[in-house]
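Readers should treat all values here as calculations from the given coordinates under stated rules, not as data from a laboratory. Because the structure is a prediction, the values reported are computed rather than measured. In this analysis, Cβ positions are derived from the backbone assuming ideal geometry, glycine residues included, and neighbour counts consider all displayed protein chains.
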């Protein structure tokens with residue numbers, strides 16, 4: 001099956017009601033296909049508002065995974081309880097390949113994307129077959145692959161005291177943890193197995209418990225389910241000192257060469273999804289990594305997301 005599977009509006013459906021009826025008639029086959037190909041692109045359908053997108057995504061019957069309930073470290077803006085912006089980071093910032101929220105104990109199984117307005121230049125969403133990446137990585141670097149699989153990962157993140165929209169990781173600790181006080185934050189962190197340290201500027205440095213670095217898929221393959229590429233290439237200071245934010249789950253250091261090799265090899269299994277207005281994509285977050293290319297132009301790029309549980 002092709003990756004991504006592309007479903008085009010060949011019937012020239014021109015109303016939202018017609019689209020909803022079409023989707024409803026085919027949703028079972030789409031849910032089967034996503035488990036095989038990892039990503040489906042719906043192109044040419046008249047989806048124009050966040051509310052339209054909400055209705056289309058709701059048809060699939062997946063459970064809700066709201067921004068409020070998540071531990072996402074990205075600043076986002078909600079349009080409906082289920083639909084929010086993909087990321088508010090500046091347009092010249094690249095967001096590197098990652099599995100959504102794999103750096104936290106809570107991650108969605110599925111992601112819906114919707115492009116209401118494509119960028120004038122750039123702004124594609126790269127999609128990487130993480131299962132194929134891990135198979136190649138295991139063949140090329142068996143010792144490193146085994147270490148990731150056996151030990152998992154710990155991530156250390158810095159949460160600012162207030163939202164910082166200029167950063168891809170700028171969500172404040174109050175928003176991230178859904179709390180209003182230091183005492184509430186510490187209670188939440190303790191319940192999730194984190195360790196933490198308060199900083200002089202009232203920001204919060206928190207280290208996750210050991211989390212999986214791989215994920216066994218229903219077809220028997222294994223995906224490289226983590227955020228090490230995004231952290232290594234995109235988090236402040238990590239490329240220079242990986243120990244500042246990443247270690248194996250047994251607290252040992254990850255060789256920088258192991259991280260660089262994963263980042264380099266991922267390009268062989270990545271395609272760029274160049275958005276058109278009205279596009280909707282359904283992505284299996286357990287099999288596919290995604291990111292965001294920088295973009296330019298005066299036309300505002302507006303890509304929304306809806307996260308979902310199986």
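General observations
- Relative contact order %, segment 110-203, counting alpha carbon pairs below 8 Å whose residues are six or more apart: 16
- A Gaussian network model of the chain, with springs between Cα atoms under 10 Å, assigns the largest mean-square fluctuation among 63, 291, 123 to 63.
- Sorted by Cβ neighbour density within 10 Å, fewest at the top, the residues 64, 310: 310, 64
- Measuring nothing but how far apart in sequence close Cα pairs (under 8 Å, 6+ apart) lie, relative to its length, the chain scores a relative contact order of 34 percent.
- Short-range pairs are left out: with C-alpha atoms under 8 Å and at least six residues apart, the relative contact order of segment 19-124 is 23 percent.
- Residue with peak Gaussian network fluctuation, the chain [Cα springs, cutoff 10 Å], from 87, 73, 236: 236
- Here the sum of -39500 (n - 2.57) over DSSP H runs of 4 or more residues, divided by the residues of the chain, equals -8500 deg cm²/dmol at 222 nm, to the nearest 500.
- At full extension, residue 32 and residue 6 could sit 7.9 nm farther apart than now, given 0.36 nm per residue minus the alpha carbon distance.
- Legend: Rg and Dmax of the chain, from Cα coordinates, 19.2, 60 Å.
- Protection proxy ranking, peptides 178-191, 30-43, average beta carbon neighbours within 10 Å, highest first: 30-43, 178-191
- Placing pseudo-labels 7 Å out from each Cα toward the beta carbon at residue 221 and residue 179 gives an inter-label distance of 4.0 nm.
- Full-extension gain in nm, residue 198 to residue 260, via 0.36 nm per residue minus C-alpha separation: 19.3 nm
- Of all DSSP beta bridges in the chain, antiparallel share, percent nearest 5: 90
- Packing here is the average count of other Cβ atoms within 10 Å per residue, and on that basis the peptides 103-111, 296-304, highest first, run 103-111, 296-304.
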